[in-house]
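Structure record follows, encoded as structure tokens.
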Amino acid sequence: MDSDILSCTIFFSIVGMGYFAFGRKHNPYIKYAGFLLMIFPYFVSTFWWMIIIGFAIMALPYLLFFLTGE
């Protein structure tokens with residue numbers, strides 16, 4: 001495993017843990033996004049796809065918040 005993929009895995013897992021902890025008390029969309037952020041690096045092995053998917057999942061709760069108004 002390359003060091004850039006490993007660092008992305010650690011970064012997205014830490015951010016996902018924060019999303020999950022915050023989402024447990026506030027918003028279920030953030031909780032689900034946090035769970036996905038912690039899990040998806042195990043299934044993606046390419047650096048650029050990991051970056052694209054990770055930032056898309058990070059933006060997903062905020063997009064849903066602004067689109068639905070919850």
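Entry comment: accessible area of the chain is 71 Å² per residue, from protein heavy atoms only and a probe of 1.4 Å. The angle between the Cα long axis of helix 28-39 and the main principal axis of the chain comes to about 10°, on a 0 to 90 degree scale. Among the listed values [x] 1.02; [y] 1.21; [z] 1.14, the one matching Rg/Rh (Cα atoms, Kirkwood Rh) as calculated from this structure is [x].
Surface composition of the chain: carbon and sulfur make up 73 percent of the accessible area, probe 1.4 Å.
Rounded to the nearest 10 square angstrom, MET17 shows an accessible area of 120 square angstrom against a 1.4 Å probe.
Relative to the dominant Cα principal axis of the chain, helix 47-68 is inclined by about 0°.
Helix 3-25 axis versus longest C-alpha principal axis of the chain: approximately 20°, rounded to the nearest ten. Applying 0.36 nm per residue to the separation of ILE5 and ARG24 and subtracting their alpha-carbon distance, the gain on full extension is 4.0 nm.
The values are calculated or read from the model by the stated rules, or taken from the named source; none is laboratory data. Only a predicted model underlies this, so the values are computations on that prediction, with no experimental measurement involved. In case anyone asks, the SASA skips ligands and DNA or RNA and just uses the protein heavy atoms, side chains included. Shrake-Rupley method; radii C 1.70, N 1.55, O 1.52, S 1.80 Å.
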